[in-house]
Amino acid sequence: MGTGARTDVEELLAALAADPGREALVFGERRLTAGGIADAVHRLAHTLDDRVGPGDVVALLAGNSPEALVARYAVNLLGAGITQPHEGLSAAAQARIVDDVDAVLVLADAAQAEQAEAVLTHAAPVQVLGLGTLPGRTDVLAAAEHASTAPITGRARLSDVEQIRHTGGTTGHPKGITYTFGHHVRAAAMRRSMGSFGTDTAGESGPPRMLVATPVAHAGGALGDRMLAGGGTVVLLERFDAGAWLAAVERERITHTMLLPPLLYRVLDHPGLDRTDLSSLRTLFYGGAPANPRRIAEAHRRIGPVLLQFYGQTEAGGVSVLTPADHTRPELLGTVGRVVPSTEIAITGPDGARAGTGVRGELWVRTGAEMDGYWKQPELTAETIVDGWVRTGDVAWLDDDGYLHLVDRVKDMVIVVGGHVYTSELEDTLMEHPGVRQAAVFGVPDGDGTEVVHAAVVAGSPAPTCDELGGLVADRAGAMYVPRSISFVAELPLTGIGKTDKKRLRAELTA
Ligand code: AMP
C-alpha cells in the first residue's frame, strides 16, 4: 500500500514470515507452520492474480478450515474484498448474498461441495473455483501447488472493500456490513483499548494458543487473525461441540478462547467438564449475546478466574469490557462492564434527549471503529451512523459506578397489551429458578398489533413446573410478564454463529 500504513493481511504475513518455523495453525491432525501458511497465501495469490484485484468482491463458500483462512488472506492481499456467508443460512439466502455483492468469483470449499452446488443453482452465473476437489470445477489449490511463493506486495488501497459480513439474510435485502482496508487502521485505538483481550502477551507457558471454535466468518475469524499476527497459535475447530471444545483445550494446552454465552452454557452442562484439565486457560472471552449472571458465576467457579466479557457489535465496534477482576464481584455479573477508553456512549431517553445515569434508552456509541457502511444501502447507513455515532439498536442504562447494563435488543422487545417485555430480562428471571439451565423468551404476534410472550426452557433436575415458573415471574415482575406458554426443550436452537435462534423458536411455535 502506498500510504505507509499496512493492511491487516500484510501485517499478518509479515508476522508469519518473521518466525516461519513456529506452529501457527492446528486443524484436526494437521499442524501448519507460519512459513507454510505464508507460502500457501502467496501461491494462491499468484494463481488468482489475473482474476481478481482492487474493487472486486469474492464470495467464499466455506466453513472453518485452513483453506478458508488462506483464501481470505490471498484475496485481500490482491486488494479484493471477501464475503463469507454463514454456513447456517439456506442455499437461497447464501445465493442472494453472492448476487448482492456482484461477486466476480466464488471460491467453494470441497467440504461444502453439496451446499455450494445448491447455492450456485440459485445464484446468477458466476465464475467458480474449487478450494479442493469439486465436481466439474477447477481445483485452484491444485493449480496453486506449483505456483511461486515469492511474496506479493499488497495491492489494496485504504478505500477498497476488505470484507462484507452479512447478518440475517433470510428475508429481504441482505444487510452487508462493509469494512474497507482503512477500517483496520482506524480501529487501532479501539483494539488497543479493548486490551487486545490479552492475546498479545506471552505467558509462562510461552506464546498464546487460541482455540477458535466459532465461525471464522464472525468474530472468531478476527480473533484468530489477531492471534496469528501477534505470534501465537490458532487451534481451529470445524464447528463448535462442547465435548470437542473441552478435549481441544486440554490436549492443545489452550490459553485463550472465545465463546458466545449459549455455547458456554453447553460447556457447563457437558458431563466431561469436571474431568477436563483446563489449567492452561488464561482468558475465556465471551460476549455476542446476553449472558446470565447465575451461569457466569457458575462458570467462574467451575472454570476459573479467566472470564472476560466483551460487548460490541459488528456495525459499531467494541464498546465495553467486564474484566476478570470484575468477575469476583457477583453484583457486576449482570452488567456488560465498563466502557473502554476509546469509546464514547450516549443513551437517548424516551423523549429523544440524552439520558443521565439510571435511565433506560437506546444506546448510541462512537468507537472510531464503526463499519464503513451497509453494502449498497446508503439510506440505512445514514440512519445508523450519524457523525460517527452508531445507533446500536440495544436498550441500555449506565449505573453510577460507570457499569453499563444491557436490557434488550429493541427489535427483540415484545409489545404486549399494557406495555412491553424485555426478553433478556425475563430470561434472567426464569433462570433465577435453580431448575432452569437456559431460557429463551420471544414474542408471537396475536393479530391485534400486539404480541404474546412465550418461553422455551432447558430444565435441569429437578425440573420446575410451568406453574412454578409462572409464579416466579408473577412474583418478581408482575402478571403482564408471565409467558402464555412455556415449552421444555432438550436444547435451544442456535444460529450459525451460536446465538439463540429466536426466529426458529417463533416459527416452530406458530407452525
Ligand atoms: P454481532 O454484530 O453479531 O456481534 O451482534 C451484536 C449484538 O449482540 C449487540 O448489539 C448486542 O445486542 C448483542 N451483544 C453483543 N455482546 C453482548 C454482551 N456482552 N451482552 C449482551 N448482548 C451482547
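Key figures
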read-out: Rel. contact order, % - alpha carbon contacts under 8 angstrom, at least six apart, the stretch 413-510; value: 26 percent
read-out: Extension gain, GLU379 back to GLU29 (0.36 nm per residue minus Cα-Cα distance, nm); value: 121.2 nm
read-out: Exposure proxy order (Cβ contacts within 10 Å, fewest to most) of HIS433, HIS420; value: HIS420, HIS433
read-out: Size of charge dipole - the chain - debye, nearest 20, with Cβ of Lys, Arg +1 and Asp, Glu -1, no other charges; value: 560 debye
read-out: Peptides ranked, highest mean first, by Cβ atoms within 10 Å: ranges 124-130, 499-505; value: 499-505, 124-130
read-out: Convex hull of Cα atoms in the stretch 243-286, direction-averaged projection (nm²); value: 2.7 nm²
read-out: Anchor LYS502: lysines whose Cα lies under 19 Å away (excluding residues fewer than 8 positions away in-chain); value: LYS175, LYS411
read-out: Relative contact order (%) - criterion: Cα under 8 Å, at least six apart; region: the chain; value: 11 percent
read-out: Viscosity 0.692 mPa s, 37 °C: Kirkwood-radius Stokes-Einstein D of the stretch 413-510 over Cα pairs, µm²/s; value: 243 µm²/s
read-out: Neighbour-count order for TRP389, TRP375, TRP397, fewest beta carbons within 10 angstrom listed first; value: TRP389, TRP397, TRP375
read-out: Label-reachable residues, the stretch 327-365, where backbone N falls under 14 Å from a point 7 Å from VAL386's Cα toward its Cβ; value: 346-355, 362-365
read-out: Computed log₁₀ I(q)/I(0) - Debye formula, equal Cα scatterers, no solvent, the chain, q 0.06, 0.07 Å⁻¹; value: -0.28, -0.38
read-out: Ranked by how many other beta carbons lie within 10 Å on average, peptides 115-122, 62-69 from highest; value: 62-69, 115-122
read-out: Under 15 Å, Cβ to Cβ, from VAL359 - net charge with Lys/Arg +1 and Asp/Glu -1; value: -3
read-out: Extension gain (nm, one decimal) between ARG484 and ASP50, 0.36 nm per residue minus Cα-Cα; value: 150.3 nm
read-out: Debye intensity ratio in log₁₀ form over the Cα atoms of the stretch 229-368, taken at each q of 0.10 Å⁻¹; value: -0.40
read-out: Within the stretch 413-510: Cβ-based charge dipole about Cα centre, in debye rounded to nearest 20 (Lys, Arg +1; Asp, Glu -1); value: 300 debye
read-out: Environment charge of LEU268, counting only residues whose C-beta is closer than 12 Å and scoring Lys/Arg +1, Asp/Glu -1; value: +3
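Each value in this text was obtained by applying a stated rule to the coordinates, not by laboratory testing. This structure is a prediction, so every number in the text was calculated from the model and none was measured. FYI the Cβ positions are ideal-geometry reconstructions off the backbone, even for glycines, and counts take in every protein chain you see.
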